[in-house]
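Here is the structure we will look at, set down as structure tokens.
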2 protein chains.
Amino acid sequence: MANPITQVALHERTLLVDWVDGRRSHYHYLWLRDNAPDAIDTHNGQRLIESVAIPPAICPQTVTLHADGQLEVVWAVNGSRSLFAPDWLRAHDYSQPETISTANQPLLWDATLGAHLPSADYPAVVDDRQILRDWLQAVHDYGFALLRQVPVASAALLKVVALFGYVRETNYGPYFDVKSVVSPNNLAYTGLGLSPHTDNPYRDPAPTLQLLHCLQDAAAGGDSIVVDGFAVAARLRQQAPEHFALLTRTPVTFRFRDQTTDLMAVTPLIALDSQGLIKAIRYNNRSLAPLALPPEQIEPFYAAYRALGELIASAEFQVVFKLHPGDLFIVDNERVLHGRTAFSNTGNRHLQGCYADRDGLLSTLRVLGGCSD
Amino acid sequence: MANPITQVALHERTLLVDWVDGRRSHYHYLWLRDNAPDAIDTHNGQRLIESVAIPPAICPQTVTLHADGQLEVVWAVNGSRSLFAPDWLRAHDYSQPETISTANQPLLWDATLGAHLPSADYPAVVDDRQILRDWLQAVHDYGFALLRQVPVASAALLKVVALFGYVRETNYGPYFDVKSVVSPNNLAYTGLGLSPHTDNPYRDPAPTLQLLHCLQDAAAGGDSIVVDGFAVAARLRQQAPEHFALLTRTPVTFRFRDQTTDLMAVTPLIALDSQGLIKAIRYNNRSLAPLALPPEQIEPFYAAYRALGELIASAEFQVVFKLHPGDLFIVDNERVLHGRTAFSNTGNRHLQGCYADRDGLLSTLRVLGGCSD
């Protein structure tokens, strides 16, 4: 027990706890009842009681600080007993601002990331859980990482997903081939350059992770480009707050159709969380449907969209690199935009791509002892 | 051509179009350039040009209304030509409020839905695309539908998913067994009652669809419960706007841990879209982590949470029904809460569950001609 409790005092709604190091904490009785060890299943950590059924004015009959440091609460309402470990109370002390600061700022990056691309080797992440953890941590921190020496074999990228989570299968299959084909149903399957974009913005929920694995790079051109959408959006927020605000509150439609598919999502380009932090970006010039906004909003929207697009296109933010056979990159598809330069149709360029979700990756990272939230 | 254009006039920033029925529409040149047929790939409908690179003050050199009704624009900037079909212009006329109203209100429901549960038979949805369409439409409209006569066989629910989309695989597998087991890692795998909840709120993105398929119902109890979370949230918004607002802006943590998994998501219980409409609800008493809010927010949060929970628990909103072998239900897991009454451990109750995503379902519905905003 790092910090024993020295004294407790019963207030009307809260229990006051003094610690040996001088800290003073307050715990609402309501909160204590809701989170007491006897309310939680010991096997699976899930709550066994109905939080909303706890009487709002619940209070203890007695509170006893035992010699072993445990705190026992006997509840007035039905005489049940709850025994709290001091370490647990200390760890969940919401009286301290540092405990309740949830805003973990992402590490924003620009073109200078190109000098030291976060990367690892596939054989190493397979063999060594610490190397896997560090690679997943890079995905968490930067929303982007490279993996080299992945077997140059069809579907090998699925083995990479299996290291941390699960494939999100879509109408494109569990994985898909990115190469130049005749009559493509998607511009990705041509030799055209693709400006940086997020994938599948016409899907809700959009896939939160994307992997691209290089099998052939014999075509001239076809360099990969990545851009930190959070960095770009933060810059826009700073230099043109009215443009930024407009992009967070104007829903636009993304759509994709082929013979068997008709996908559509209506969403702003920049999504904020309930605290106003940038949560997600969707940006894909190819699949934005004709704007259907009130006429007076058309020009302001295009102005804001242009301001965002100019930042995305600027050399300051673009990291450009060449994938060779066996190289794979992963992006957080709600944060990092990816694209490519045009390539010649005379040589062969062949990537395979697939989607996955962040929840599995972050879970694996936490189990490996990585920091993520 | 239902409505020919009778006349056009060039304004500074917009083209004014008069239609034979008297309607007058305005199209910004910027918008016309961005959505012109020559800017869009004819194979796949994707945009070939960079929207943000269009000069903001772009304007036509000439606009010609051809005898066949087509509108030809020759652009001043580079002399390129765009040919617009009048039907397309009419369909995308954003001068008319009805074109731009995107807010498709969901059909809210309460316990009275129990008298006529939206349902279909599996053999019929397999054989008849119209019946499939109507069943998917019910999922879209109500966020809930039953399917009967599904083969009573393990993994048969995957065939149901294959009718409209793709499984979202998770740490629970492509599908999972819901029955009482020894040392469960989840309270779902006990005989305990489960109050209405959404599944996997500790995941981001949460699965947007859930299916539950009954293989055995020999235990006493174990009735299913569903609640329209959007109806409940709308009621809360109406009767206690301050509680509602607090639940939309207070991030809380959901967490699930077992030996190989550590899933966590931080999000408000009620999510609004950029227009303030209710977009998603997460509610799961079992996996809400101890609140880590500033002390002065603890009691207000519990008060709002209780108000929401009381509505969810009220008979007014709960639809209760019994699943028999071969019955399956599907819910929109961001809208409809599901639960069950307790069941006896002496008989056998066995469900199988799986997750999927709404995007595939809505795509299939649109391809079948269903209406889904």
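The values are calculated or read from the model by the stated rules, or taken from the named source; none is laboratory data. Predicted model, so just to flag it, every value in this text is computed and none were measured. Cβ: placed from backbone, ideal geometry, glycine included. Neighbour counts: every protein chain shown.
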### Task
May I ask you to say which residue of B:VAL320, B:VAL336, B:VAL331, B:VAL367 is without any contact (Cβ under 8 Å) to a residue 40 or more places away in the chain and of a type in the set (A, V, I, L, M, F, W, C)?
B:VAL367
### Query
Name the pairs whose Cβ atoms lie under 8 Å apart, with the first residue in region B:108-122 and farther than 11 Å from B:PHE317 by Cβ, the second surrounded by 15 or more Cβ atoms within 10 Å (Cβ to Cβ) and basic (Lys, Arg), and 6 or more positions between them or separate chains?
B:SER119/B:ARG148; B:ALA120/B:ARG148; B:ASP121/B:ARG148; B:TYR122/B:ARG148
### Query
Can A:GLY369 be described as more than 14 Å from chain B (Cβ to nearest Cβ) and outside any strand (DSSP E or B)?
no
### Failed item in (1) basic (Lys, Arg); (2) more than 8 Å from chain B (Cβ to nearest Cβ); (3) crowded, with 21+ Cβ neighbours inside 10 Å, with A:ARG358 passing the rest
(2)
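In region B:159-171, which residues are surrounded by 18 or more Cβ atoms within 10 Å (Cβ to Cβ) and either closer than 23 Å to B:ASP262 by Cα or free of Cβ contacts under 8 Å to residues at least 40 places away in the same chain (or both)? Before the answer, list the steps.
Residues of region B:159-171 that are surrounded by 18 or more Cβ atoms within 10 Å (Cβ to Cβ), as a first pass: B:160-161, B:164-171.
Result: B:VAL167, B:ARG168, B:GLU169, B:THR170, B:ASN171.
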#### Entry: The lone exception for B:SER95 - which of (1) more than 24 Å from A:LEU288 (Cβ to Cβ); (2) modelled with pLDDT under 95 it fails
(1)
### Message
Anything in region A:289-312 that is over 19 Å from A:SER195 (Cβ atoms) and in a helix (DSSP H, G or I)? List them, or say none.
### Response
A:PRO295, A:GLU296, A:GLN297, A:ILE298, A:GLU299, A:PRO300
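Within region A:259-270, does at least one residue satisfy the condition of being within 19 Å of A:VAL331 (Cβ to Cβ), touching a Pro at 6+ places or on another chain (Cβ under 8 Å) and hydrophobic (A, V, I, L, M, F, W, C)? Steps first, answer last, please.
Filtering region A:259-270 down to residues within 19 Å of A:VAL331 (Cβ to Cβ) leaves A:265, A:267, A:269-270.
Within this subset, residues satisfying the condition of being touching a Pro at 6+ places or on another chain (Cβ under 8 Å) are A:265, A:267.
Within this subset, residues satisfying the condition of being hydrophobic (A, V, I, L, M, F, W, C) are A:265.
Yes: region A:259-270 contains one or more residues that are within 19 Å of A:VAL331 (Cβ to Cβ), touching a Pro at 6+ places or on another chain (Cβ under 8 Å) and hydrophobic (A, V, I, L, M, F, W, C).
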### Query
Can you name the residue in region B:249-287 that is assigned to a strand (DSSP E or B) and at the interface with another protein chain (Cβ under 7 Å from one of its Cβ atoms) and, of all such residues, is surrounded by the most Cβ atoms within 10 Å (Cβ to Cβ)?
B:LEU263
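Looking at A:LEU15, A:LEU32, which one is under 30 Å from B:ASN200 (Cα atoms), in contact (Cβ under 8 Å) with a residue 12 or more places away in the chain and in contact with a Phe, Trp or Tyr (Cβ under 8 Å, 6 or more places away or on another chain)? Steps first, please.
Values: A:LEU15 fails: under 30 Å from B:ASN200 (Cα atoms).
From the options A:LEU15, A:LEU32, the qualifying one is A:LEU32.
Mind telling me which of the residues B:LEU147, B:LEU157 ends up being among the aliphatic types (A, V, I, L, M) and out of contact with any Cys (no Cβ under 8 Å at 6 or more places or on another chain)? It would help to see each step written out before you state the result.
Details: B:LEU157 fails: out of contact with any Cys (no Cβ under 8 Å at 6 or more places or on another chain).
Answer to the selection: B:LEU147.
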### Query
Are any residues in region A:341-353 in contact with a strand residue (DSSP E or B) (Cβ under 8 Å, 6 or more places away or on another chain) and not in a strand (DSSP E or B), and if so, which ones?
A:THR341, A:ALA342, A:SER344, A:ASN348
### Message
Tell me the residue from A:ALA342, A:ALA307 that is within 14 Å of chain B (Cβ to nearest Cβ) and either crowded, with 23+ Cβ neighbours inside 10 Å or within 22 Å of B:ASN35 (Cβ to Cβ) (or both), please.
### Response
A:ALA307
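Condition check ((1) under 26 Å from B:ILE281 (Cα atoms); (2) crowded, with 17+ Cβ neighbours inside 10 Å) across all residues:
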residue	(1), (2)
B:ALA76	no, no
B:LEU89	no, yes
B:VAL126	no, no
B:LEU132	no, yes
B:ALA138	yes, yes
B:LEU147	yes, yes
### Message
For a quick check of your reading of the model, give me the residue pairs whose first member lies in region B:279-292 and is closer than 13 Å to B:ASP228 by Cα, whose second is among the acidic types (Asp, Glu) and in a loop (DSSP other than H, G, I, E, B), with beta-carbon atoms closer than 6 Å and at least 6 apart or on different chains.
### Response
B:LYS279/B:ASP273; B:ALA280/B:GLU334
### Task
Considering each of A:HIS338, A:HIS324 in turn, give the residue that is touching a strand residue (DSSP E or B) at 6+ places or on another chain (Cβ under 6 Å), in a strand (DSSP E or B) and not basic (Lys, Arg).
A:HIS338
### Task
Any chance you could count how many residues in region B:295-304 are more than 29 Å from A:PRO268 (Cβ to Cβ) and either buried (at least 20 other Cβ atoms within 10 Å of the Cβ) or at the interface with another protein chain (Cβ under 9 Å from one of its Cβ atoms) (or both)?
5
### Summary
Among helices (runs of 4 or more DSSP H) entirely inside region A:1-115, those with 2 or more residues being among the acidic types (Asp, Glu), within 29 Å of the chain's Cα centre (by Cα) and more than 14 Å from every other protein chain (Cβ to nearest Cβ) are none
### Query
What about A:ALA315, is it surrounded by fewer than 19 Cβ atoms within 10 Å (Cβ to Cβ), at the interface with chain B (Cβ under 8 Å from one of its Cβ atoms) and either in a strand (DSSP E or B) or of a type outside the set (D, E, K, R) (or both)?
no
### Query
Here are A:ASP199, A:ASP217, A:ASP228: which of them is within 14 Å of another protein chain (Cβ to nearest Cβ), among the acidic types (Asp, Glu) and either out of contact with any Leu (no Cβ under 9 Å at 6 or more places or on another chain) or over 29 Å from A:GLN259 (Cβ atoms) (or both)?
A:ASP199
### Query
Is it true that B:ASP93 is of a type in the set (Asp, Glu) and touching a residue at least 12 places away in the same chain (Cβ under 8 Å)?
yes
### Query
Where residues in region B:216-235 are surrounded by fewer than 22 Cβ atoms within 10 Å (Cβ to Cβ) and not small (Gly, Ala, Ser), which of them is nearest to B:TYR142 (Cα to Cα)?
B:ILE225
